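As structure tokens, the structure follows; a few thoughts come after it.
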Amino acid sequence: MATAFTGGFRVAQTKLAISKLLPESMAASALESAQVVALAILVREQMSQGEFAGHYRPFATILPGPGYEPPPAIDRQIALFMEFLPTLDGDAKLEVIAVARALTESPKPLTPAIPAGAVPSPGVTNPPAGSGVPALYATAWKLAIDTAHSSGRTISFRAAQDLAEQAAPHDGSGIVGTAGVAAGGIFMRDLLPIERVLLLYEPFASAFPYESLL
């Protein structure tokens, strides 16, 4: 059964359908995501709810997965996130640091540029367009800031950041600023595209998946 999702006619059909909607550079990744989700559905009974939700994540915004439930109140999600932060240790902590570094450090030296009126957070810069995932991360963060300003939530937005930064390990590991960014994304999740929220939360997705806050 697994072979049917990784090769053969069914995959060829899926690849053709995806190629009609996406450029070639994106089609391969989309096909891989579709295969991962199909396999996860096949063995769903053997996975925890959080594991399955993590695998299904790329399609959750357009095709809610089996057993989908609306997320709890924003305050509850942020409170759970801040409960998890002090527990970071060992390999989980190293993973957070590694992913945060990959998202905030561009491969080429860049001059940090904080957008006008933004709420600065350590390590989050605004690289030029086209510089990869760090640019997407910075763009998502700028959108969160701009949305907070335009919706009149700036004070509460900053408070969510501050609380998460206080809860994060203050040991020079660099998690503090990243925690503030993640909390800011969670706080604005009802107004931001979910893919932007998940990107801002990504450093912590391995240690405690976003789905664990639901």
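The values are calculated or read from the model by the stated rules, or taken from the named source; none is laboratory data. Quick caveat, the model's predicted, so the values are computed rather than measured. All Cβ positions, glycine included, derive from the backbone under ideal geometry; neighbour counts span all protein chains shown. Quick note on the areas: whole protein, heavy atoms, side chains included, nothing else; ligands and nucleic acids left out. Shrake-Rupley method; radii C 1.70, N 1.55, O 1.52, S 1.80 Å.
Dipole size in debye (nearest 20) for the range 127-214 around its Cα centre, Lys and Arg Cβ +1, Asp and Glu Cβ -1?
On the way: 5 positive and 8 negative charges, 45 e Å.
My answer is approximately 220 debye.
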Legend entry - Whichever aspartates and glutamates have a C-alpha closer than 14 Å to that of Lys93, once near sequence neighbours (fewer than 8 apart) are set aside: Asp171, Glu202
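If I stretch the segment between Ala92 and Glu105 completely, what's the gain in nm (0.36 nm per residue apart, minus their alpha carbon distance), one decimal?
Full extension from Ala92 to Glu105 adds 2.7 nm.
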Inset, instruction - In whole Hz, with x marking every Gly and Pro, tabulate ³J(HN,Hα) for the range 184-189 from phi via Karplus 6.51 cos²θ - 1.76 cosθ + 1.60, θ = phi - 60°. - result: x, x, 4, 4, 9, 5
Inset, instruction - Would you mind checking which residues have amide H under 5 Å from Met47's amide H? H placed 1.01 Å from N; only 5 or more apart, or other chain. - result: none
Legend entry - Environment charge of Thr147, counting only residues whose C-beta is closer than 12 Å and scoring Lys/Arg +1, Asp/Glu -1: +2
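By average Cβ neighbour count within 10 Å, what is the ranking of 163-169, 182-188 from highest down?
On the way: 163-169: 19.7, 182-188: 26.0.
Going from most to least packed, we get 182-188, 163-169.
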Legend entry - Computed E for Asp146/Gln166 - FRET, C-beta separation, R0 25 angstrom, nearest 0.05: 0.55
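Go through Lys142, Lys93 and list them by solvent-accessible area, largest first, probe radius 1.4 Å. If you can, show how the numbers build up before the last one.
Values: Lys142 70, Lys93 40 Å².
Sorted by accessible area, descending: Lys142, Lys93.
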Inset, instruction - Would you kindly derive the ³J(HN,Hα) couplings of the range 192-201 from the backbone phi angles with the Karplus curve 6.51 cos²θ - 1.76 cosθ + 1.60 (θ = phi - 60°), listing them in order in whole Hz, with x for Gly and Pro? - result: 9, x, 4, 5, 6, 4, 5, 5, 5, 8
